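Data block below; observations after.
Derivation of every value follows stated rules applied to the coordinates shown; laboratory data play no part. Every value quoted in this text rests on a predicted model; they were computed, and no experiment measured them. Glycine also receives a Cβ, built like all others from the backbone with ideal geometry; neighbour counts cover every protein chain displayed.
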Amino acid sequence: MASKVTRRQFLKISGAGLLLLSGCTANLQRPVWMEPYVRAPEETLPGEDFWFASTCRMCPAGCGILVRVSNGRARKIEGNPAHPLNQGRLCARGQAGLQLLYHPDRLRHVLKRTGERGQGRWGRTTWEQIVEELAQQIQGMAPERIAFLTGLLPDYQATLVARFLKGLGAPPAVVYDTQAAFDGRVVLEAASQALFDVPVLPIFDIARADVVYAFGSNFLETWLSPVVYNRAYGRMRSQPGVRGMLIAFAPRLSMTAANADRWVPVPPGTEGLVALALGKIIVDEGWDKSNAELRGFYEGVDVGAVAQATGVPAEELVQFARRFAEAHHPVAMPGDLLAGSTNGLEATQAVEALNLVLGHLGEHGAIFLTPSPPSRDLRKVPVSPFQAVRELVDRMAAGEVDALFVLGANPVYELPAALGFTDALKNVQLVVTFASMMDETAALSDIVLPAHTYLETWGYEFVSPSTDRLIVSAQQPVVRPLYDTRDPGDVLLALADKLGGKVARRLPWPNLVHFIQTRLTSLQLLEGNIAAQDAKTFWAYWLQHGGWWSKEQAWQVPEPSQNLSAKRLLVPSPEFDGEASQYPLHLLPVPSVTFGDGRHAGLPWLQETPDPMTTATWDTWVELNPATAERLGVKHDEIVKVTSPFGEIEAVVYVFPGIHPDVVAVPVGQGHSAMGRWAEGRGANVLRILAPRTVPSTGQLAWAATRVRVTKTGRRRVLPRLESNIGVDRARERGVVPG
Amino acid sequence: MSEREHRWTMVIDLDRCTGCQACVVACSVENNIPVVGEDEVRMGRAMHWIRIERYWEGEYPNVRARFIPVICQQCERAPCEPVCPVFATYHSEVEHVNIQVYNRCIGTRYCANNCPYIARVFNWFDPQFPEPLNEQLNPDVTVRRRGIMEKCTFCIQRIRRAEEMAEAERRPLGDGDVQPACVQSCPAEALVFGDVADPNSRVAKLVRSRRAFRLLEELGTEPNVIYLKGGEAHVG
Amino acid sequence: MSADATALVQPKEEWRKRLLLDPRPAEEMNHMVLKAMTTFGWRYWVVVGILALLALIGLGGAWGYQVLVGMGVAGIRRPVFWGVYIANFVFWIGISHSGTFISAILRVFKAEFRRPITRASELMTTFALIVAGMYPLIHLGRTWRFYWMIPYPNQRQLWPNFHSPLMWDMIAIFTYLIGSTLYLYLPLIPDLAMARDHARGWRHRLYRFLALGWRGTEAEWHHLKRAITIFAFAIIPVMFSVHTIVSWDFGMTMVPGWHSTIFGPYFVAGAIFSGVSAVVTVLLIVRKTMKLDYFLREEHFDALGKLVLVFSFVWTYFFFADYLTEWYGGEAVAKELLTLQARGPVAPLWYLMLTTNILIPWFTLWNKRIRTSPPALFLITLGVNVGMYLERYIIVAGYLTRNRLPFDWGAYNPSPVELLISLGSLSTFVLLYAVASRLIPLVPVWEVQEGQFVHSLRRVGRILVPSVSELE
């Protein structure tokens, strides 16, 4: 079927006369949106659809997309059915990418500050001038005093940045964004290193598992590759003859936990302890026939103590352990919440160890590892831990940074305020931001370089974590750039050309396309979905199919590390910032299904898309357990103040029945002071009040390790939500749920 | 248009639906559904044609959330149809879809009151697409002005297009050729669309499932949206 | 019987309380009515000015704004797609039942107390219908397309849907409006001719035109009487049909609480209840402001008070029957409706409705002293209309907040635009009435005179008996 669909999709679809536009001309009183054919680009045919294959960049997962373009305008983004990662499916964020392209508040010109920093007074300039000027400035600086702070960039940009900096002799870029911190990429890689000797991201084959234990995992929402896991979840539920079971251990009933057959609430940071206890029981009851050498893992684990610390009765722990051990294809997956705790690395290992002791590695429905890229050219730039950001900020504060380039990240918004990034920025002479919208960081910059959106530019992405294939996903422009914008990669190439010398030798390509084509040469020889005799044909096919992927399955089967037998798993108690007496509640920032780490708050479709659990839109809320809310004397729609040792925010109460009484959860994403008309001035930014605490073992930000107190303000603001909470509460009282 | 009569049906597998909202955005993009803003959502005027209803069961710690996506159920005996004074909504005998004719609608909102699934939404104001956001609009779908009722159409424009494609290629319409935007996007594949008149289609098989039920079946509206009950494995 | 046993006697003072036994010369009566019509105090102009302003703000300003900007300026929302406008519509249709009921039914049954009040109540029918008829238009999302509901031949051969109760509604309302306007006009002709004969200037021209050359010949009287009788009989089923059909707008749906077989008679009873009450309220104002004490007497208010009480009983019966059936049915969503009324957001309105519609009439109107006390009766009948309005509001806007999918329950509060339009339409009604009161005789003089001709007191033995000589 796949081939049929692709064939159809790639055909230019005709039918110009059949457009259902009749309504547009029916009445003169209505605003009429005529199709301005006068402005139609030359290569378009009126009324004919083109479907361009590309790669989604709304989150780092790298799903394949097809973009429907008619009359030179992108109309719809769909999953690419041929792409092995998402196989035609796409999440809410991915679909909303069009509004990134057509956002009315996009940056349209190169901007140079004319007033004070942050005053919002800008002058226009040209690309030629700005490249000239930047080249001059860079030449006048000591290379080690130049810094790049980037988000989790697409591979082509990350590689160009890395080469650019290497050519300059500047320190490598700090690669950090909050999405990566939520995913816990650093932690997962460290755990893989510890258990399997390779620092790569794990893949959990839940589609073929019959029992899935998810520890602090939001794999259906934002974690790593949500479309893949949603798809796998669906398949897990209806395997031939088997209905896979999902049990979630987490302090909050996330969407993932809501889909579980059983949600086991545990205090934050104790998920790893549960995993340890389960392992201990499995070992003690002798389920681990083949892996007796791993028994040392659980030396000294006290199931009773775990039961006490987590509130899960010991008998239940035994039942959970047995159910897991008895299953044919069980899989235990660690999640984003673990990464946010101070014991994240240990907890992640404890969870993955459950698969190890039962010997479920690299098989049907078990744990796999992301394979390494098919060629050196496609190597990924590793993600930096939060510690690297902290060091950068320290250097900035100490005046050791002359120029800061920010690309694909919004540190002013997403870093904890206590880190002092905004203050440190004042000591940096030159701040240059690449951005497609005026975000908070761009607003505090000296030069803002307007960037193409991902729908206007070229690129490639080695997909990690992937599925069972090696995937190099293709990215191509689907429409002509709307404004005088450039891809940051092209800007770097131009800069390198201008700078000359070593940098120019490192970046010898005249433009992005040349660069990408050289990256792909090695793929041509490998067996994959496309076979081409020459580079040009390969390039054409690559674009047409949306990428290259291996023909054969390319799972990497994890090999337990040699030194595991001596290993003892220890999960220390989680630590938190803030005195328990003053700050009695744990703060849980929740990455949003719609905004991710907040970068998509500017898109109206996503603002109006309800949060799955609360059905709330357009605002920030504070989820409180009904008992906690009662203790605090607050009800739905009342505004409360959430105070951490590092700041405070105000948001609206949502009395949330699915949250541990000691925890308050606040969604991430709102509270922007910039980013266009739909994002500005709504809700609150919970990231700002987090403790800037790093975990020594990984350097990761312990983003779920802040304590807060919640106080009433006496004010009210009705949360814009879809549900009738009166109705839903009545339905719960009476036990009547439609369906 | 092909000669054969179709009976388009959507199957929603509640066991697979994760509540991820991908369908909601897909539908908004495909059908030019306007964004109404914070205050209007607060009033209950969000325009989504599909909404994932979330119900709670039980109390902490034994609380569960249930998701049920609700769209126009494309009833065979649709309560909205007879009440419209101007035939703006009527039953298509060919597609077995409940059609809404935007141009004919005068905005009595009678149909919306009479829909037991609250599936209809009304254009309280003219839609706003500040430039260049208007360029995202799907040219196959009318932009509705103020005062008009609208609802899920099963992406009738996609049905028509698939039929035309099949006709142009001189082949019968195959199972899976027609995919409404929500079905196309659904990551967990909880939504399946097809023609139950074709006994070998996926939906035809799914509607025979023991888990199949219709929403508010007792009303006798005979929806063409079939739900599959969420499985409830008994867990320790 | 001997002649002296049934001798005609001149009525004494106590009998003179009754209009039909207290005849005055025709000229004097004509003069009274004409004087009331042509007296314009400054208060009248102030009131008319304020009313015109309010009507302009409500119907010109607020409605215009709504048409230009969109229905969104009203407070309606999902799932409450109908709100104040439909409640107003039902309310004004209800008010319009007064005229026909009092005039046609009482005429058919020869209830003599009707004579001086038929005109005033028929006028209410017409004006209330005009106001009611505006609401479906105000309520339309695309008002400028209202004519698509009219079955006119057109190129595209598009036809309205006669399955829709809204179509039935439109037809019923149009029929009723035409019928009741003609029914208002027919008995007006002799009075217009009388006014013509006494007026000068533009009034003379106007009445000459409207009186259709009435001269009062026997043939003319014969035809007129026949026509009135035919209309009186014909309009009664139309009246019943109108409110029944209005109730079917609700009853034919699947909306919880609306889908009820009893809604037809329940609404008719409610309409007459509120209509008769409104007649009392208006007559009290008319009598006070236009000095028509001679025509409108205690006996009339006494009789109308009894009618109000009777219809309070009838309404209560239907209300109770509906409520009890819903309650015993025990359907989940119906229970929610009852909870909504008893403890929910509409509870204050619901209890107020029970007070003004049941409690107050039942405990006051049995008393003749209260029935004949203008201030008391004014407050009671006004209260009944407040209560009846609340009944419609709860049925329309209240019931819609609850449905079978609890996720989609809603709330509704009328917006300022809705309130302004409502106020504007009320002002329009009063304005029309105020203007009409100075243009046409509010009391049908000839009917009163006819009544006085045929009424007499006779002595039977030792008692006096009012007697009527049967007409025709």
Exercise. Which distance in Å, rounded to a whole number, links the C-alpha centroids of the range A:373-416 and the range C:320-366?
Worked result: 67 Å
Seminar exercise, completed: Rounded to one decimal in nm, the spacing of the 7 Å Cα→Cβ label points at A:Val718 and C:Asp302 is 5.3 nm
Seminar exercise, completed: Computed over the range C:131-284, the Cα gyration tensor eigenvalues, each multiplied by 5 and square-rooted, give semi-axes in Å (largest first) of 36, 21, 16
For this session: Taking the Cα centre of the range A:187-369 as origin, work out the dipole magnitude from +1 charges on Lys and Arg Cβ and -1 charges on Asp and Glu Cβ, in debye rounded to 20.
Result: 640 debye
Seminar exercise, completed: Note on the range B:8-228: contact order normalised by length, alpha-carbon pairs under 8 Å, 6 or more apart, percent, works out to 30 percent
Exercise. From the backbone phi of the range A:441-452, what are the Karplus-calculated ³J(HN,Hα) couplings (6.51 cos²θ - 1.76 cosθ + 1.60, θ = phi - 60°) in whole Hz, Gly and Pro given as x?
Worked result: 6, 4, 5, 9, 9, 8, 10, 10, 9, x, 9, 4
For this session: Would you please state which residues of the range A:528-564 a label at A:Glu363 would reach in this model, taking the label point 7 Å out along Cα→Cβ and a backbone N cut-off of under 16 Å?
Result: A:557-560
Exercise. Stokes-Einstein D for chain C at 10 °C, 1.306 mPa s, Kirkwood Rh over Cα pairs, in µm²/s?
Worked result: 66 µm²/s
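If the only charges are +1 at each Lys and Arg Cβ and -1 at each Asp and Glu Cβ, what is the size of the charge dipole of the protein assembly as shown around the Cα centre, to the nearest 20 debye? Kindly include the intermediate steps, with their values, before the conclusion.
Working: 143 positive and 136 negative charges, 922 e Å.
Roughly 4420 debye for the protein assembly as shown.
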Problem set entry | Label-point separation, B:Arg77 to C:Ser260 (7 Å along Cα→Cβ), nm | 2.4 nm
For this session: Convert each backbone phi in the range C:184-190 into a coupling constant with the Karplus relation 6.51 cos²θ - 1.76 cosθ + 1.60 (shift: θ = phi - 60°), then list the ³J(HN,Hα) values in order as whole Hz, x for Gly and Pro.
Result: 6, 6, 4, x, 7, 4, x
For this session: Specify the angular offset, from 0 to 90 degrees and rounded to the nearest 10, of the alpha carbon long axis of helix A:725-734 from the longest principal axis of the alpha carbons in chain A.
Result: 30 degrees
For this session: Would you kindly calculate the translational diffusion coefficient of the range C:354-433, applying Stokes-Einstein with the Kirkwood radius from alpha carbon pairs, for 37 °C and a viscosity of 0.692 mPa s, and quote it in µm² s⁻¹ without decimals?
Result: 214 µm²/s
Exercise. Based on the Cβ-Cβ distance from A:Ala540 to A:Ser673, what FRET efficiency comes out when R0 is 35 Å, to the nearest 0.05?
Worked result: 0.20
For this session: Please turn the phi angles of the range A:156-163 into ³J(HN,Hα) values with the Karplus equation 6.51 cos²θ - 1.76 cosθ + 1.60 (θ = phi - 60°), one per residue in order, whole Hz, x for glycine and proline.
Result: 5, 6, 4, 5, 5, 4, 4, 5
For this session: Relative to the longest principal axis of the C-alpha atoms of chain A, give the angle of the C-alpha long axis of helix A:314-326, reported between 0 and 90° and rounded to the nearest 10°.
Result: 60 degrees
For this session: Can you tell me the dipole magnitude for the range A:585-734 around its Cα centre, using point charges on the Cβ only (Lys, Arg +1; Asp, Glu -1), in Debye to the nearest 20?
Result: 280 debye
For this session: Compute the acute angle (0 to 90°) between the alpha-carbon long axis of helix A:488-499 and the principal axis of greatest extent of the alpha-carbon atoms of chain A; round to the nearest 10°.
Result: 60 degrees
Seminar exercise, completed: The long-range amide H neighbours of C:Arg142, using H built 1.01 Å from N in the peptide plane and a cut-off of under 5 Å, are B:Gly107
Exercise. Say a paramagnetic label sat at a point 7 Å from the Cα of A:His109, along Cα to Cβ; which residues of the range A:467-498 have their backbone N under 12 Å from it?
Worked result: A:484
Exercise. Per residue, what volume in Å³ does the convex hull of the Cα atoms of the protein assembly as shown enclose?
Worked result: 212 Å³
Problem set entry | Principal axis dimensions, largest first and in whole angstrom, of the range A:340-430 by Cα | 55, 35, 20
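Calculated FRET efficiency, C:Ala234 and A:Asp729, Cβ-Cβ r, R0 60 Å, to nearest 0.05?
E between C:Ala234 and A:Asp729, to the nearest 0.05, is 0.65.
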For this session: Tell me the label-point distance for the pair A:Glu144, C:Leu324, using the 7 Å Cα-to-Cβ offset, in nm and rounded to one decimal.
Result: 9.6 nm
Seminar exercise, completed: Diffusion coefficient in µm²/s returned for the range A:187-369 by Stokes-Einstein, Kirkwood Rh over C-alpha pairs, 25 °C and 0.890 mPa s, is 154 µm²/s
Exercise. Near the amide H of A:Glu48, under 5 Å away, which other amide H atoms are found, from residues 5 or more places off or on another chain, if H is placed in the peptide plane?
Worked result: A:Asn71
Problem set entry | Cross-link pairs beyond the 20 Å C-alpha cut-off, checked among C:Lys17/C:Lys368; A:Lys166/A:Lys380; C:Lys35/C:Lys306; B:Lys151/B:Lys229 | C:Lys35/C:Lys306; B:Lys151/B:Lys229
Seminar exercise, completed: Taking only C-alpha positions in the range A:585-734, Rg and Dmax in angstrom work out to 15.2, 50
For this session: Would you mind pulling out the separation of the Cα centroids of the range C:372-431 and the range A:448-507, in Å?
Result: 64 Å
For this session: Classify the range C:172-225 as rounded, prolate or oblate, taking a ≥ b ≥ c as the square roots of the eigenvalues of its Cα gyration tensor: rounded when a/c is under 1.5, otherwise prolate if a/b is larger than b/c and oblate if not.
Result: oblate
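When each pair of different Cα atoms in the range B:8-228 is counted once in the 1/r mean, what is the Kirkwood radius in angstroms, to one decimal? It would help to have the intermediate numbers written out before the result.
Values: mean 1/r = 0.0545 Å⁻¹.
When all Cα pairs of the range B:8-228 are included, the Kirkwood radius is 18.3 Å.
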For this session: Among A:Gly598, A:Leu564, A:Leu45, flag the residue with its Cα farthest along the positive direction of the charge dipole of chain A, charges on Cβ as +1 for Lys/Arg and -1 for Asp/Glu.
Result: A:Leu45
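What area, in nm² and to one decimal, does the C-alpha convex hull of the range C:65-155 cast on average over all directions?
9.0 nm²
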Seminar exercise, completed: Expected sort for C:Tyr393, C:Tyr185, A:Tyr583 with the fewest Cβ neighbours (10 Å cutoff) up front is C:Tyr185, A:Tyr583, C:Tyr393
For this session: Would you work out which of C:Thr339, A:Ala135, A:Ala627 lies farthest towards the positive end of the dipole of the protein assembly as shown? Charges go on Cβ: Lys and Arg +1, Asp and Glu -1.
Result: C:Thr339
Problem set entry | Rg ratio (alpha-carbon, reference 2.2 N^0.38 Å) - the range B:94-182 | 1.29
For this session: Identify, among A:Val668, A:Ala443, A:Phe297, the residue whose Cα sits farthest towards the positive end of the charge dipole of chain A, taking +1 on the Cβ of Lys and Arg and -1 on the Cβ of Asp and Glu, with the dipole about the Cα centre.
Result: A:Ala443
For this session: Rank the residues C:Glu450, A:Glu630 as a footprinting-exposure proxy: fewest other Cβ atoms within 10 Å of their Cβ go first.
Result: A:Glu630, C:Glu450
For this session: Mind listing the long-range amide H neighbours of C:Arg459? Cut-off is under 5 Å, sequence gap 5 or more, other chains count too, H placed in the peptide plane at 1.01 Å from N.
Result: C:Ala7, C:Val9, C:Val465
Exercise. Where the centre of each part is set by its Cα atoms, how far does the range A:333-367 sit from the range A:89-124, in angstrom?
Worked result: 39 Å
Problem set entry | Residues C:Val310 and B:Glu222, FRET efficiency given R0 of 35 Å [Cβ-Cβ distance, rounded to 0.05] | 0.15
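Taking neighbour Cβ counts within 10 Å as the exposure measure, how do B:Phe67, B:Phe213 sort from fewest upward?
The most exposed by this proxy come first: B:Phe213, B:Phe67.
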Problem set entry | Span per principal axis, largest first, for the Cα atoms of chain A (Å) | 72, 65, 63
